1. Looking at the range B:1-29 only, could you name the residues that are closer than 18 Å to B:Ile65 by Cβ and away from chain A (no Cβ under 14 Å)?
2. Given the condition of a type in the set (Asp, Glu), surrounded by fewer than 19 Cβ atoms within 10 Å (Cβ to Cβ) and more than 26 Å from B:Met110 (Cβ to Cβ), answer yes or no: does some residue in the range B:39-47 qualify?
3. Mind checking which residues of the range A:162-198 are at pLDDT 85 or above and hydrophobic (A, V, I, L, M, F, W, C)?
4. Just to be sure I understand the filter: pairs with C-beta atoms under 6 Å, separated by 6 or more residues or on different chains, first member in the range A:71-82 and in contact (Cβ under 8 Å) with a residue 60 or more places away in the chain and assigned by TED's automatic domain parsing to the domain that holds A:Arg132, second member assigned to a helix (DSSP H, G or I) and surrounded by 15 or more Cβ atoms within 10 Å (Cβ to Cβ). Which pairs pass?
5. Tell me which residues, restricted to the range A:277-306, are within 20 Å of A:Ser350 (Cα to Cα), part of a loop (DSSP other than H, G, I, E, B) and of a type in the set (D, E, K, R).
6. Name the residue, out of A:Arg110, A:Arg121, that is within 20 Å of A:Ser56 (Cβ to Cβ) and in contact with a helix residue (DSSP H, G or I) (Cβ under 6 Å, 6 or more places away or on another chain).
7. Looking at the range B:77-99 only, could you name the residues that are surrounded by fewer than 18 Cβ atoms within 10 Å (Cβ to Cβ) and either closer than 18 Å to B:Lys2 by Cα or at pLDDT 85 or above (or both)?
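The values are calculated or read from the model by the stated rules, or taken from the named source; none is laboratory data. Computed from a predicted model, the values in this text were never measured in an experiment. Cβ placement follows ideal geometry from the backbone for every residue including glycine, while neighbour counts extend to all protein chains displayed.
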Amino acid sequence: MKETIEKRVVGLFLLMLVILAYVAWSSLHNIKENIKSNAWVNHTHAVIIHAGDILSYLHAGDAALRTFLITGDDRDRQGYRVAYSTMVENWTEAEALTRQSEEEKALHERFLDLSLLISNRMEIAGTMARGRAQGGLDFVRQQFNSHPDVESISKIERAVANIEKTENGLLKERDEQQHLQAQATKTTVYTGLGVNFVLLALVVWLMRDDLIARRKAAQALEEANAMLEAKVQERTAELLKSNQSLKQENLERRWSYQALDHQLRYNQLIINSIAELVFVISRALNISRVNPAVVHATNWEPQELISQSIERVLQFPPDPVGGASQNPLTAAMREGRQLLDRPANLLARSGRIIPVYYTLIPLHDQDKIVGGVVTVRMQLSAQQQRQS
Amino acid sequence: MKKHILSIDDEADIRELLQEVLTMKGYRVSTAADPGQAKKIIKEDPPQLIIMDFQIEEGDGFVLIEEIKRLGPDIPVLLLTGAVFDRAVVRDTIEKKVTSYLDKTASLSMIVSEVERLLGDAPTSSERL
């Protein structure tokens, strides 16, 4: 779209340039033609003037000749001689002016015809002048009466008038041509300028159209940018929210860990602070945990006791009712019963046997027995009992 | 202006976590590990809420509660502890001494909700929607 408009604008400008070039060429051509016409007009006027002068000097020469013919005075000869001589000069110049041009060939022929008339006239004049000098006025009168072409001046006048008329006709024709040429030049210039203005208006219209399109495109781009910006902001907000949520979760996890750790340590402290020996056992009577009092009293290390049966450190007396010694914890755990202050023997790591009382508390988690706690206290000797 | 909360606990991790989460929620949080620090903050920059544990360095939680009541009788106290296990005991004794009680095993969001409730910042039902 953009490229098409640019091409159109450039094309229109080129067309305008071509039109302007044509107008300039046409104007220059017409100016040259005008100059040529002016030269021709000047030339024609020169021919007309020379033709007019031929007639004027002929009249002047005739007048001077008549004066000489009347007076017979040699001093009056100079007047007609000069006048005739100037007349011939004018004819020669006019003939020369019309000799070159093809257009003036007919005119040139007329000048040649005119030369015959002039020659005749000058010959008659010479005869008259010579006769006056030799035969006096009678001879002159005789010549006037006998010579049929003595008044040939009227022929010359007609020939010159014809020449002038022809030349004036040509001048008029050329004038009309010049007028037409000027009109054509004017029309060409006005038309060229008019077309150029129209083209310029078209270019302006195209450019305005292009500008509107560009403005619309810019607006669309701006809207797209705004939309993108909004989306980015929305996404950023989502990410921020997600990040906040993750942070919250992380904090929550850390808090749970801290709270549990705190709770565990607190519980551990409570258990560790009990002076009695504490054994935490599983349902199968295996030791899962002991407190420091156990280590202190038996010298067993926790790792030597954990996962071992409690019978490793606690020996139960034989059943007074029936035969062999039986671990009373097994039945109590199965039934979920407590055993309180029962006698037993604690076996220290050194092999020493310490008489103790034990208590079993089964651990209930809702409806299930998940293990038990056995607490052991020393049996006091008679002396110890007295002291306590 | 941000509301001021004082967190009293002997464990640095707990103090830091509470400070972090409450700061995120837009509160200004001061922390104290012992009664001396706590009393100094209460005197110099009285908080709008105190969150405390029983277990504190160089002191006793119950005694500190009494001192706080004396220094700032209107300051609400949220007891956050893992030391008391019996709900009946909590209901009958501890909750009478403090404004609110939460077990330390409570979630952080629950603690934050309780803080907002005590400070009057809890979202209304329409805001929750």
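1. Hits for the range B:1-29 are B:Ile5, B:Leu6, B:Ile8.
2. Scanning the range B:39-47 turns up at least one residue that is of a type in the set (Asp, Glu), surrounded by fewer than 19 Cβ atoms within 10 Å (Cβ to Cβ) and more than 26 Å from B:Met110 (Cβ to Cβ).
3. Hits for the range A:162-198 are A:Ile163, A:Leu171, A:Leu180, A:Ala182, A:Ala184, A:Val189, A:Leu193, A:Val195, A:Phe197, A:Val198.
4. A:Gly72/A:Arg132
5. If the condition is that a residue be within 20 Å of A:Ser350 (Cα to Cα), part of a loop (DSSP other than H, G, I, E, B) and of a type in the set (D, E, K, R), then A:Glu301 is the only one that fits.
6. Result of the check over A:Arg110, A:Arg121: A:Arg110.
7. B:Thr99
Residue-wise test of (1) free of Cβ contacts under 8 Å to residues at least 60 places away in the same chain; (2) away from chain B (no Cβ under 11 Å); (3) surrounded by fewer than 10 Cβ atoms within 10 Å (Cβ to Cβ); (4) within 30 Å of A:Trp300 (Cα to Cα).
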{"position": "A:Ala230", "(1), (2), (3), (4)": "yes, yes, no, no"}
{"position": "A:Gln233", "(1), (2), (3), (4)": "yes, yes, no, no"}
{"position": "A:Glu238", "(1), (2), (3), (4)": "yes, yes, no, no"}
{"position": "A:Gln248", "(1), (2), (3), (4)": "yes, no, no, no"}
{"position": "A:Arg253", "(1), (2), (3), (4)": "yes, no, no, no"}
{"position": "A:Arg265", "(1), (2), (3), (4)": "yes, no, no, yes"}
{"position": "A:Ile274", "(1), (2), (3), (4)": "no, yes, no, yes"}
{"position": "A:Val278", "(1), (2), (3), (4)": "no, yes, no, yes"}
